[in-house]
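Trainee: First the structure, then my questions, so here it is.
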Amino acid sequence: MGKKVMIVDDSRVVELQMEKMLENSDYEVVSFCQDGETAIEQYSEVLPDLVTMDIIMPGMDGLETARAILEDHPDARIIMVSSLAYDDTIEEAKSIGTKTFIYKPFDRDQLLSALDEVMSEA
């Protein structure tokens, strides 16, 4: 089994794209959450190796969700993913403890590169 990835994004299209991009790689999508509340609940059950986290979502945004997960699991590896990212948002994400940032739209190479980079930091 590959490294476990949790996708947190309100878009089912993004989930399907990521699953397709991760086919035949060292990564396997084990959980998909469309909101932060669900992601916080499922993190403890799934204990993924990596989390990709959208920023703009209904209810809790990705930054709040990342903060909550990292409070309970300080070793969580969270990659922020968004099309709407400003320098202050990226800085806030880093200050929370997220590992890196991917801009939408992204391709398979960008996604795998970010995942590999974060896994190699461990």
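The values are calculated or read from the model by the stated rules, or taken from the named source; none is laboratory data. From a predicted model like this one, the values you see are computed outputs, not experimental measurements. Cβ placement follows ideal geometry from the backbone for every residue including glycine, while neighbour counts extend to all protein chains displayed. To get the accessible areas, we keep the full protein, side chains included, count just its heavy atoms, and leave off ligands, DNA and RNA. Shrake-Rupley method; radii C 1.70, N 1.55, O 1.52, S 1.80 Å.
Trainee: Once you've got the GNM for the chain with C-alpha springs shorter than 10 Å, pick whichever of Val46, Val13, Val30 has the biggest mean-square fluctuation.
Mentor: Result: Val13 has the largest fluctuation of those listed.
Trainee: Here's a follow-up. Give me the percent relative contact order of the chain, please, defined on Cα pairs under 8 angstrom at least 6 residues apart. List each step's numbers first, then the result.
Mentor: Working: 193 pairs, mean separation 27.4, N = 122.
22 percent.
Trainee: Something else now. For Met60, what residues show an amide H to amide H distance below 5 Å, using hydrogens built from the backbone and excluding near sequence neighbours?
Mentor: Amide H neighbours of Met60: Gly36, Glu37.
Trainee: First compute the accessible area of region 37-122 with a 1.4 Å probe, then give the percent of it belonging to carbon and sulfur atoms.
Mentor: Details: 2100 of 4460 Å².
Roughly 47 percent of what the probe reaches on region 37-122 is carbon or sulfur.
Trainee: To the nearest 20 debye, what is the magnitude of the charge dipole of region 1-97 about its Cα centre, counting +1 on the Cβ of each Lys and Arg and -1 on the Cβ of each Asp and Glu?
Mentor: Computed about the Cα centre, the dipole is about 300 debye.
Trainee: Take the chain, connect every pair of alpha-carbon atoms lying under 10 Å apart with a spring to form a Gaussian network, then pick out the residue of Ser82, Ser31, Ser95 with the largest mean-square fluctuation.
Mentor: Of the options given, Ser95 has the highest mean-square fluctuation.
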